[in-house]
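Before any comments, here is the structure.
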Amino acid sequence: MRLEALHLQEYRNIPLARLRFAGNRIFLQGPNGQGKTNLLEAIAYATAMRSFRTADYHHLMRTGAGETGLLYFFASDRGESSQLEIRLRSGGRELRWDDRRIPRLGEIIGHFPVVVFSSQDLQILRGAPSLRRRWLDMTLGTTSPEYLQILRDYQEALQARNKLLRKPPFVEALFAPFENLLVEKGQKLRKLREEGLARLTGLVESFYYRLTGGHEEGVLRYLPGTRQTDPGAWRERLSAERERDHFRGGTGSGPHRDDWTFWLDENDARAQASEGQQRGLVLALGLAQCRLFKEVLQEEPILLADDILGELDPQRRRRFWDLLPAEAQIFATGTEWPDLPQEETWQKWEVSEGRFEALLGKER
Amino acid sequence: MSPAFDELVQRLKALPGLGIRSAERIALHLLVQKPEDVLPLQEAITKAAEKLHRCPICGNLAEGDCCSICADSNRDPHLLCVVENVPDLLAIERSSAYRGRYHVLHGKLSPLHDVGPEELNLGNFTARLEEEKIREIILAVSNDIEGEATCHYLTENLIPREVTVSRIGFGLPSGAGVVFADATTLKSALEARRPMS
């Protein structure tokens with residue numbers, strides 16, 4: 001997948017930009033707060049109409065703007081071009097693909113894959129379980145519409161049970177249909193997450209090994225949010241916990257409480273790995289996500305590297321570049337011009353106050 | 001514009017499926033373009049409201065003691081199709097593919113919207129199954145979590161074991177190619193595949 005051009009209108013701090021990108025290596029340079037990350041955010045937004053910075057799309061609209069427009073010109077690996085148009089208004093969002101209106105977001109998921117590397121990624125390792133669940137749902141959802149459907153079904157059944165919990169006395173006949181569904185969908189969700197993490201951990205292990213020069217073993221471990229595996233026992237457990245869940249204010253166990261952790265040589269990386277090791281693990285996770293997208297979707301995702309190069313020592317930086325798929329289109333940002341591999345292949349842009357200017361080779 | 005006009009628009013807007021623009025269009029159409037339609041429409045609404053009521057047997061719209069379907073002796077009296085709403089019944093009727101009777105629930109179980117079994121048209125359901133000696137039930141409710149939970153509820157609590165129960169299949173719309181179906185629909189269609197006979 002390649003982004004050939006991007007038009008932005010009234011987006012974040014950018015009143016209007018019509019950008020045409022040449023080639024597969026694009027570097028955006030400029031001081032902080034000028035719009036570099038805003039541009040990457042716009043590119044990543046095409047994957048699932050979800051920002052990697054905010055859950056509220058109104059933040060993407062320029063202050064005072066009535067409507068924000070994003071127009072993407074993509075070319076697939078097989079050379080097919082497609083045009084994606086997103087319009088954001090305070091009343092709602094509209095999506096058009098090759099000028100056809102797309103009412104269901106699910107139709108585009110998996111078609112415009114993007115992988116983001118950002119300094120914020122450390123939070124996936126260090127932060128709350130909800131961040132890791134969100135990452136996993138996004139990753140597996142992008143590669144499988146079935147996963148998204150089961151996740152939605154599970155969440156609906158969960159909301160229904162939580163609502164029933166608010167009003168005792170608890171009538172068996174009312175709870176049973178939703179608890180049965182909760183267990184049925186929960187089991188499927190758990191199986192898909194188990195399989196997904198097993199596939200990812202193999203990739204993480206291999207990328208971490210190559211990124212660090214091969215001394216330690218980095219893996220992912222799944223921590224299910226319930227110990228129940230047998231559907232009958234799981235249902236019984238749910239029915240026995242209604243009272244407790246009522247006081248707790250919601251269903252206490254299940255895949256909505258799932259977590260997964262990074263391990264380094266049999267140690268929990270959150271507590272025992274150094275900052276450098278942690279950074280290495282999340283980089284390996286991003287590379288694994290990228291490979292997974294490529295394997296499943298048969299399309300090389302676009303890679304965004306938001307100001308991460310400065311955080312790596314020169315040796316790891318070189319290994320990181322070596323590990324990126326050569327065919328992938330890469331957008332990287334930084335406050336300064338870095339030493340880039342095969343520098344002549346990069347298209348360079350200067351970013352200042354929401355304006356983007358492509359530089360010719362010598363102007364640097 | 002004027003208080004009378006505004007009130008009319010507000011009344012129309014409160015109807016399902018109408019936004020402010022459609023409401024204004026209908027109001028202007030009736031008042032300016034076709035004022036002669038106002039009285040017949042008014043009469044039709046009043047007449048329908050007076051004459052029509054919920055069929056005490058199945059929940060469909062009825063003019064007499066019961067609805068035309070419950071009164072129709074050519075229908076299979078032992079076959080019952082459970083639907084959520086009257087439009088679902090009308091859709092199945094249009095297909096001419098079904099010759100039994102109906103039971104309209106007027107909703108589905110939805111704790112989020114505070115719809116429990118008491119809110120559904122189930123008061124006479126078990127009595128009906130017994131009196132009419134229903135042998136087979138087709139559950140034609142929506143293919144989502146609430147629809148599924150409703151089916152669970154009916155099967156587990158209200159329908160005797162000896163009655164044959166099935167759920168309508170979910171799959172490809174007819175005339176549509178496999179390539180145009182979304183992934184979820186295709187999955188349902190594959191799961192609901194049947195042997196060639």
From the set of residues in segment B:135-158 that are more than 14 Å from chain A (Cβ to nearest Cβ) and out of contact with any helix residue (DSSP H, G or I) (no Cβ under 7 Å at 6 or more places or on another chain), which is most open to solvent (accessible area, probe 1.4 Å)? B:Arg135
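Quick one: which residue in A:Ala269, A:Ala273, A:Ala198 is within 23 Å of the chain's Cα centre (by Cα) and modelled with pLDDT under 95? Write out each step before concluding.
On the way: A:Ala273 fails: within 23 Å of the chain's Cα centre (by Cα); A:Ala198 fails: modelled with pLDDT under 95.
Matching residue, one of A:Ala269, A:Ala273, A:Ala198: A:Ala269.
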Complete set of residues in segment B:113-134 that are assigned to a helix (DSSP H, G or I), open to solvent by 20 Å² or more (accessible area, probe 1.4 Å) and either free of Cβ contacts under 8 Å to residues at least 12 places away in the same chain or under 21 Å from B:Asp72 (Cα atoms) (or both): B:His113, B:Glu118, B:Ala127, B:Glu130, B:Glu131
Being more than 12 Å from every other protein chain (Cβ to nearest Cβ), within 29 Å of A:Gln298 (Cβ to Cβ) and part of a helix (DSSP H, G or I) narrows it down to one residue among A:Ile124, A:Ile150; which is it? A:Ile124
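Would it be correct to say that A:Ser253 is more than 13 Å from chain B (Cβ to nearest Cβ), over 24 Å from A:Ala273 (Cα atoms), of a type outside the set (Asp, Glu) and in contact (Cβ under 8 Å) with a residue 60 or more places away in the chain? Walk me through how you get there before you give the answer.
Numbers: more than 13 Å from chain B (Cβ to nearest Cβ): yes; over 24 Å from A:Ala273 (Cα atoms): yes; of a type outside the set (Asp, Glu): yes; in contact (Cβ under 8 Å) with a residue 60 or more places away in the chain: no.
The answer is no for A:Ser253.
Results for (1) away from chain B (no Cβ under 14 Å); (2) surrounded by 17 or more Cβ atoms within 10 Å (Cβ to Cβ), shown as yes or no for each residue.
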{"residue": "A:Ala44", "(1), (2)": "yes, yes"}
{"residue": "A:Phe52", "(1), (2)": "yes, yes"}
{"residue": "A:Ala55", "(1), (2)": "yes, no"}
{"residue": "A:Leu70", "(1), (2)": "yes, yes"}
{"residue": "A:Ala75", "(1), (2)": "yes, no"}
{"residue": "A:Arg78", "(1), (2)": "yes, no"}
{"residue": "A:Glu94", "(1), (2)": "yes, no"}
{"residue": "A:Arg104", "(1), (2)": "no, no"}
{"residue": "A:Ile108", "(1), (2)": "no, yes"}
The number of residues in segment A:329-360 that are under 19 Å from A:Leu8 (Cβ atoms) and either among the polar types (S, T, N, Q) or part of a loop (DSSP other than H, G, I, E, B) (or both) is 6
Would you mind stating whether B:Gly169 is away from chain A (no Cβ under 14 Å), closer than 21 Å to B:Val82 by Cα and at pLDDT below 95? yes
Restricting to segment B:58-85, name every residue that is in a helix (DSSP H, G or I) and surrounded by fewer than 17 Cβ atoms within 10 Å (Cβ to Cβ). B:Ser68, B:Ala71
Among the residues of segment B:174-197, write down those that are in contact (Cβ under 8 Å) with a residue 12 or more places away in the chain, among the aliphatic types (A, V, I, L, M) and outside any loop (DSSP other than H, G, I, E, B). B:Leu186, B:Ala189
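Any residue at all in segment A:155-163 that's more than 12 Å from chain B (Cβ to nearest Cβ), crowded, with 16+ Cβ neighbours inside 10 Å and within 25 Å of A:Ala55 (Cα to Cα)? Give the steps one after another, and end with the answer.
So the first thing to find is which residues in segment A:155-163 are more than 12 Å from chain B (Cβ to nearest Cβ), and the list is none.
There is no residue in segment A:155-163 that is more than 12 Å from chain B (Cβ to nearest Cβ), crowded, with 16+ Cβ neighbours inside 10 Å and within 25 Å of A:Ala55 (Cα to Cα).
In segment A:193-223, which residues are part of a helix (DSSP H, G or I) and surrounded by fewer than 19 Cβ atoms within 10 Å (Cβ to Cβ)? Steps first, please.
Of segment A:193-223, the ones part of a helix (DSSP H, G or I) are A:193-212.
Across segment A:193-223, the qualifying residues are A:Glu194, A:Glu195, A:Ala198, A:Arg199, A:Gly202, A:Glu205, A:Ser206, A:Tyr209, A:Arg210.
The values are calculated or read from the model by the stated rules, or taken from the named source; none is laboratory data. These numbers were taken from a predicted model, which means no experiment stands behind them. Virtual Cβ from ideal backbone geometry, glycine too; neighbours counted across all protein chains shown. For accessibility, only protein heavy atoms count, side chains too; no ligands or nucleic acids. Shrake-Rupley method; radii C 1.70, N 1.55, O 1.52, S 1.80 Å.
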